[in-house]
Each structure stands twice: as structure tokens, then as C-alpha cells.
Amino acid sequence: MKTLKVQKLRKEIADFVLEADFEVREGERAVIVGRSGSGKTSLLRLISGLETPSDAQSSVSIGGVNILSLPPEKRNIGYVFQDDALFSTMNVIDNASFGLRMRGMGRKQRNDEATHWLKLVGLADRARDPIHILSGGEKQRIAFVRALIWKPDIVLLDEPFSSLDVQLRAAMRTQLLDLHKMHPAPMVMVTHDREDLAALATQEIRLSESTLEGKSVRRFS
Amino acid sequence: MGRTSQPVAKSHRTVGAAAKKYGALTVTFFGTYWVLFIAIPLVALLLNVRFHVGKFFDPSILSLVKVTAAQASWSTALSGVVGLFLGVACSRQRRLQLLLALPFAISSTVVAYTVMAWFGRKGFLPSFFGIQLPWLFSMKAVVLAHVLLNAPWIGFLVAGAMGEVPRREMEAARTLGAKPAQVGLHIVWSHIVEAWASGLVQVFALCVMSFAIVLILGGGPPNETLEVSIYTHIRYGALDLGGAVASALWQLVLTLTPWLLLLFYWNRTGVRQLRRELAPLSLNVSRKFHFWDWIAAGAVALFFIPYLWIFIQTESSKSFTEFLFGENTWAEWVPSFQVSLKLALSSAVITVAVALSGVVSGILFPRLEKWSAVLLSFPGGVSTLVLALGFWLAYSRWVDPFEGSWLAIAILQATVFLPIALRIFRPIASAVQFHRIDAARSLGASPLRAIRWTEFYRWKGPVFAAFGMAAGVSLGELAAVSFFYSEKLIPLPLLMSRWLNRYRFDDARGISILLFLTATALVALSTYSGLKPRERRFA
């Protein structure tokens, strides 16, 4: 049973200080709602290792192991970026199976696995298509598959539905719930849409603001 | 399922009847130029082939094909390896990338002279270190000069492509378990390989077309290439039109093949890729110099320090001021300088006018967009002397190489620069702000005034840049000049080549410096002010 624990995480960002203290257990989906520029994306980047915290006391642990000293590629964290960040020079199946490839899985095995996951999201027939011809919804589903297929310890989602229209968002939420059932790792999602919170969250991480020594402190807990 | 990220149709092209009127003018001008000065000369050349079929497989011509292909292959392979290293090393630093762009400014005549100045009998390396280059006048020296000239260009393309690798994709790869080296291999390489490969193809064609370097460093037959052979068959010794036509046809095969490869690639990947290919002049964000940047700076310096040697005066050589103001030299170089400047400015005006008309035609008539790009890039697959020979064959009633033709030289120089002008204009053309034009028109501006106030500031810089670069390149161009010169029409590169043949190395050095300084000043000024147009806010 792996649990994500974020303790005393602290980062000084241009005009404010970001702090975080929370815990997400296996099978749970924690949702953070906040306005643009409030530090939501920075929090996910800190957890994933794409940015480093300012405070040595900070701790991010998965299953009791502090991962803060590890580079991003060794943290076993699936990350769905806001703009999907699919690899534009690869086709659908190579994108979906990239995480497996980096873990040394052979081509046939990883293609079989990726085909299985692509079937789950209804994209098996687009496996050889280049990324640029896909629709926004299709890209988003591939981004979900890419982040989950290699069974990461935790999953982070950065406003995954922000570029989609209202109807598509509802369909994508259902798809995400189905995929999360397949791999129920602790999930942290940031959004500015309260409907995401209502539809997906098993817990809400709240953002509170205070001032310390003239500087704004934003705390996620 | 909604397809929200599909390319959006350009529904904003609402400039309407006025656009069609101006568009018809630009299409007519561009089409007429292309037909008159590119299509008809090439057709005339091809029609002439039937009179010289036997020459086509003449062993002497076939041996030239072999030498040309071998020389170009070696030059391309070495430039490719070195250029890839330079590009990757310089990708972090905008200032270094600007340096890599400088070969635009350096005439091939100056490059050839520089190799001689380093390795010649009284050159830097023999004088100071006793290092002799036993193969100074051979194909090896030609390859060395080509690498010196072309490796920074490939580096420039690679560095530009490195700057366009999406940071998000690299981060995504890291979160999926890729180590930094794997990110380089799977993500970065897949983004830069196209720019690198297209650079190789271009460099191959350029090396096949190389004239001044082969003429000066090749050492003469048997180290002659097809391009030099066209010249020698027409203007050196007895006139042999058959030999020239056969050489030109083989030359066309060698230079058009890479161009067709690029075209096939563009066609396969669509206009989207063509736009990316044509936009390598975007420069990366500058950062503070770190250790590896200094190493990169050292590597780049290796490609520019050699040129500085031409500025250094040894005990036995004449000073630059002595050259400039010497009684004999002044009377010789000033008229040539005037001819060169006049030619350079005329070529630049023609280049900008033709390239702009082609690009604007593509904007106003979207169906012509791809065709205008293909037609503008076409001269990249035809060498100057092939076009010159065709020009003569087509218009021999009016143009005679033995009497000289200022207009023919200017048109040829302008035509061969069109692909570079396309590179400069295309990124600007693909981002025309139609909604701003519409907004200005809805506020009462006429079509022309709307364009003046919304688009002019975007185009001003690139137009000056193209003008400066075209002028800089034609200043040192030797091929067209050698074909259509007369005793009253001797530009600087030709004068320099003559002085080298007469062992007037000090005076040739003076011309090298003059060409280097004038062309560098033209290109540096225009590149700096032109390629980074500041977005003026539309109030």
C-alpha cells in the first residue's frame, strides 16, 4: 500500500512562498482547485522533481521513502501535463509505451501492453497515427495512458481538461475514473474547474493564503 | 468526439477584391521573372543537349562527375559531423549562434585565400611552426575549405532546431523514466535530425556547385569539377560548347537530386514541416556563460580565427593601408570596388523584389502558397554556371559572355540567393495577422493603409536583412562574374583571382580584407537589426 506524503514542502517563488502539507492514500483522488498563478503547477513540478524545493526540511515520500533527492526519472511518478506534452515526433503507440521502453521492456511486449491500454480508451485503431492529426480528446486519452501504463507509484494531473470543451470534459472524467480503477495509485489533480472537484475528488486539498514578513504565503493542505 | 486541436482553417483571409488586384500584380511579376530567367534558360540548355549527346558519356566528362561527387561527399560528411557537434555545443548561447551565421558574410574567394594564407609557402603554419601542407593545391585542400565554410552553417541549423525542441516533451520524458542521455537520444535527436539532414543535403549541393574554392585551391586538372569545367569550356582556352553543355547537364543531375529529395520530404510531411525547415533563423534564449559554453566558444573560434590571419601583417607583406592608398593599387581596386558595390546593390534589390512578390502571392492566394515556396527554393538545386550557360543559350541574341553583361550578372546573383530570401521571409509570411488587418479596415483604413499599420513593422526588419545578406553574398560571388565579365566590368573577386594567378599575393590579401570587412558589415548590421523585429503593440 503506497501513500504519498508531502510534509513541510516549501518553495520561494517570485512574489510568494509556496508551502504544502498533505497526504493521499492508494485509490484516493485528491483535487486542488485554485485560480491561475496560485502555484498549483509549481506544486506538482516540485513533487515530480522538475523543480527543487527551497527548504532542506521539505519531504515528499512515497511508501515511506523520501524521494526528494532523486532525479525525476527515478521517482516513479506519472505526470499528465496541462498541454499533454505528447512526443510530436513519435506515433501514438510509441508515445503510449515510452515509459515501458525506458524500463527496458522489449518492443513486442510493450506494443502488446500498449495495444491493450489503447483498446481500453478506444484508440487501438489509431496506434500508428502521428500525434499531430489527433483531436484534443484523443491526445488527452493518450496522455492518460502514457502516464498510467507503466504503473507509477503516484499520478499527477495538471489541469488535464482545460483545453477541452464542456461535453468532452464529462466524457474524459469518466474515462479517467475507469483508468484509475485499473491502476488505483494515489492521484493528485489540479484544476480551476469546480466540476472536476465534484466529479472526481475523494478528497480536496485546500489553498489558504496568509502573509509572513510582508510576503504572501500560499499553503496547500 | 470533438477535434479541438485540428489545424484551424485560415478563414480570416478576408482581404477580398483589393487583395486579388494586388495579388494578380505580384503573381504576374514573380511568374514572369521565374519563366524568363530560370525556366527559359534551363529549357534552352536542355534543348541544346541533342546537339552534344556524344559528349555526355565522354570519359573526360565522366571523370569530372566522379571527382565532383567524391569531393562533395567528403566535404558534406566532414561538415556534417563537425557541424552537428558545433550546433549541439552552441544551442544554449545566442551569441555563439550569431557567430555561426557569419559564414553568410564570408565570400568563398576569401575562404580560399585564407587556406592559402595559412598553409601556403609563406603562410602562418609554415612560417611559425614549419608545418607544410603537401596537398595545398588538391581536392583535399578544397574539402578543408568547404568544411571551414559549411560546418558552421550546419551548426547554425542544428542549433536553431535544438532551440525548438519542446521543453515540455523533455520534461515528460524525464518523468517517464528517461535519463538525460536517453532524453537526448529519443526526444532531442528526433527533433534535430531533420534540420541536420536537410543541412547535409544543402551542403552537398553547395559543394557540387562550388566554384571559387575549386578554381583557386583545386590545382587545376585533373582536380577540376563540373562547375569549373563549364567555365573552362566557355571562357578558358578554346570554346567547347558541347563540353560545357555535357558538364552542365551532369551538374544539374547532381544538384537537382538533393533538391528533389528535400521536395519529396516536404511533400511527404506537408507544408507544416516546410515551415519548420524554413525557419531555422530563430535564435535561442541567451544565458550566462558556463564552462561548456566556453568550450563551445573555443570550438566556434576555430572556424573564425583563420580569417583573422588575413588581417595580420608579416614583415614581408604590404600593409592594408599601403594596399588601399598605393599609387598602382588604388587605380585598380577602386573601379572594381565600385562595380562590385553596384552589382551587389542591384542584385539585392532584384532578390528582395522577386522573393517578396513570390511570398506575397502565396499569402494572397493560399492555393499558390506551396508552389511559390517550391519555385523560390528551386534555384537552390541549380548552380550559377548552369544557369549562366542556359542564360547565354537562351538570350545569345542580346547577351554575349565575351562582351560582358552587368544585367546578366545581377540577375544570376539575385536568382541564386532566392532560396535564402525565402528562408527569411517565410516565417513572417506564415504568421500574417489577418485579424488585425480586418480590425484596421473595420475602423476605416483602406486595404493598403491597414497593411501599412498592421504588417509593415513585421516585414521591415526581414526585408532589410534579406537585402543586406543578398548584397553581402553577391559582393564576393565569382561564378556569375567569371562568366559574364568584360575588361570594363571586373568586380573585386575577379580582380583578386587574377592577382593570385599573377602571384600578387599581398594585393590579393588587401582585396580579401576589403571583401571581408564590407560583406561582414553589411550582413552583421542587417542580421542584427533585421532578424529580431520587435513586436510593436497594436494600439
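The values are calculated or read from the model by the stated rules, or taken from the named source; none is laboratory data. The shown structure was predicted, so the numbers you read here are calculated from the model rather than taken from an experiment. Heads up, the Cβs are rebuilt from the backbone with ideal geometry, glycines too, and the neighbour counts pull from every protein chain shown.
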Inset, instruction - Would you point out which residue out of B:28, B:4 is hydroxyl-bearing (Ser, Thr, Tyr) and at pLDDT 90 or above? - result: B:28
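Before we move on, is residue B:424 touching a helix residue (DSSP H, G or I) at 6+ places or on another chain (Cβ under 8 Å), within 28 Å of residue B:226 (Cα to Cα) and not hydroxyl-bearing (Ser, Thr, Tyr)? Walk me through it before giving the result.
Values: touching a helix residue (DSSP H, G or I) at 6+ places or on another chain (Cβ under 8 Å): yes; within 28 Å of residue B:226 (Cα to Cα): no; not hydroxyl-bearing (Ser, Thr, Tyr): yes.
It is false that residue B:424 is touching a helix residue (DSSP H, G or I) at 6+ places or on another chain (Cβ under 8 Å), within 28 Å of residue B:226 (Cα to Cα) and not hydroxyl-bearing (Ser, Thr, Tyr).
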Inset, instruction - Go through region B:265-321 and give me each residue that's at pLDDT 55 or above and among the acidic types (Asp, Glu). - result: B:293, B:315
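Out of contact with any strand residue (DSSP E or B) (no Cβ under 8 Å at 6 or more places or on another chain), modelled with pLDDT of 85 or more and surrounded by 23 or more Cβ atoms within 10 Å (Cβ to Cβ) - does that describe any residue in region B:97-108? Show your work before the answer.
Within region B:97-108, the subset out of contact with any strand residue (DSSP E or B) (no Cβ under 8 Å at 6 or more places or on another chain) is B:97-108.
Now narrow it down to the ones that are modelled with pLDDT of 85 or more: B:108.
Next, from what is left, pick out any that are surrounded by 23 or more Cβ atoms within 10 Å (Cβ to Cβ): B:108.
Among the residues of region B:97-108, at least one is out of contact with any strand residue (DSSP E or B) (no Cβ under 8 Å at 6 or more places or on another chain), modelled with pLDDT of 85 or more and surrounded by 23 or more Cβ atoms within 10 Å (Cβ to Cβ), which makes the answer yes.
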Legend entry - Those residues of region A:184-221 which are out of contact with any Gly (no Cβ under 9 Å at 6 or more places or on another chain) and of a type in the set (Val, Ile, Thr), in sequence order: A:188, A:205, A:211, A:217
Legend entry - Condition check for residue B:470: more than 27 Å from residue B:120 (Cβ to Cβ) and surrounded by 23 or more Cβ atoms within 10 Å (Cβ to Cβ): yes
Inset, instruction - State the number of residues belonging to region A:184-196 that are within 16 Å of residue A:32 (Cβ to Cβ) and either of a type in the set (Asp, Glu) or at pLDDT 90 or above (or both). - result: 9
Inset, instruction - Would you point out which residue out of B:402, B:425, B:434 is of a type in the set (Phe, Trp, Tyr), farther than 30 Å from residue B:35 by Cα and assigned by TED's automatic domain parsing to the domain that holds residue B:381? - result: B:434
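Could you please find all residues in region A:42-59 being within 14 Å of chain B (Cβ to nearest Cβ), buried (at least 16 other Cβ atoms within 10 Å of the Cβ) and not in a helix (DSSP H, G or I)? Step through it out loud before you land on a result.
The first filter runs over region A:42-59 and keeps only residues within 14 Å of chain B (Cβ to nearest Cβ), leaving A:42, A:44-52.
Restricting the remaining residues to those that are buried (at least 16 other Cβ atoms within 10 Å of the Cβ) gives A:42, A:44-51.
Listed by number, the residues that qualify are A:49, A:50, A:51.
Within region B:141-156, can one find any residue that is at pLDDT below 90 and either within 17 Å of the chain's Cα centre (by Cα) or surrounded by 23 or more Cβ atoms within 10 Å (Cβ to Cβ) (or both)?
Taking region B:141-156 first, the residues at pLDDT below 90 are B:153, B:156.
Now narrow it down to the ones that are either within 17 Å of the chain's Cα centre (by Cα) or surrounded by 23 or more Cβ atoms within 10 Å (Cβ to Cβ) (or both): B:153, B:156.
Within region B:141-156 (the criterion being at pLDDT below 90 and either within 17 Å of the chain's Cα centre (by Cα) or surrounded by 23 or more Cβ atoms within 10 Å (Cβ to Cβ) (or both)), the answer is yes, since at least one residue qualifies.
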Legend entry - Selection from region B:438-472 of residues that are β-branched (Val, Ile, Thr) and modelled with pLDDT of 85 or more: B:463
Inset, instruction - Could you check how many residues of region A:81-99 are in contact with a helix residue (DSSP H, G or I) (Cβ under 6 Å, 6 or more places away or on another chain) and more than 9 Å from every other protein chain (Cβ to nearest Cβ)? - result: 5
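For region A:141-188, what are the residues that are aromatic (Phe, Trp, Tyr) and facing another protein chain (nearest Cβ under 10 Å)? Walk me through how you get there before you give the answer.
So in region A:141-188, the residues aromatic (Phe, Trp, Tyr) come out as A:144, A:150, A:161.
A:150 - this is the single residue of region A:141-188 that is aromatic (Phe, Trp, Tyr) and facing another protein chain (nearest Cβ under 10 Å).
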Inset, instruction - Go through the residues of region A:189-210 one by one and say whether even a single one is more than 10 Å from every other protein chain (Cβ to nearest Cβ), touching a His at 6+ places or on another chain (Cβ under 8 Å) and not aromatic (Phe, Trp, Tyr). - result: no
Legend entry - Pair list, Cβ < 8 Å and 6+ apart or interchain, from region A:103-129 residues that are farther than 24 Å from residue A:72 by Cβ to residues that are acidic (Asp, Glu): A:120/A:178; A:123/A:138; A:126/A:138
Legend entry - Among the residues listed as B:374, B:382, the single one being over 28 Å from residue B:232 (Cβ atoms) and either in the same structural domain as residue B:247 (by TED's automatic domain parsing) or of a type outside the set (D, E, K, R) (or both): B:374
Inset, instruction - Using the structure shown, decide if residue A:74 is surrounded by fewer than 22 Cβ atoms within 10 Å (Cβ to Cβ) and in contact with a strand residue (DSSP E or B) (Cβ under 8 Å, 6 or more places away or on another chain). - result: no
Legend entry - Search result, residues across region B:304-341 that are closer than 30 Å to residue B:409 by Cα, part of a loop (DSSP other than H, G, I, E, B) and of a type outside the set (Gly, Ala, Ser): B:304
Legend entry - Tally of residues being at negative phi and facing another protein chain (nearest Cβ under 7 Å) across region B:174-199: 9
Legend entry - Residue match in region A:2-20 (condition: modelled with pLDDT of 90 or more, surrounded by fewer than 16 Cβ atoms within 10 Å (Cβ to Cβ) and part of a loop (DSSP other than H, G, I, E, B)): no
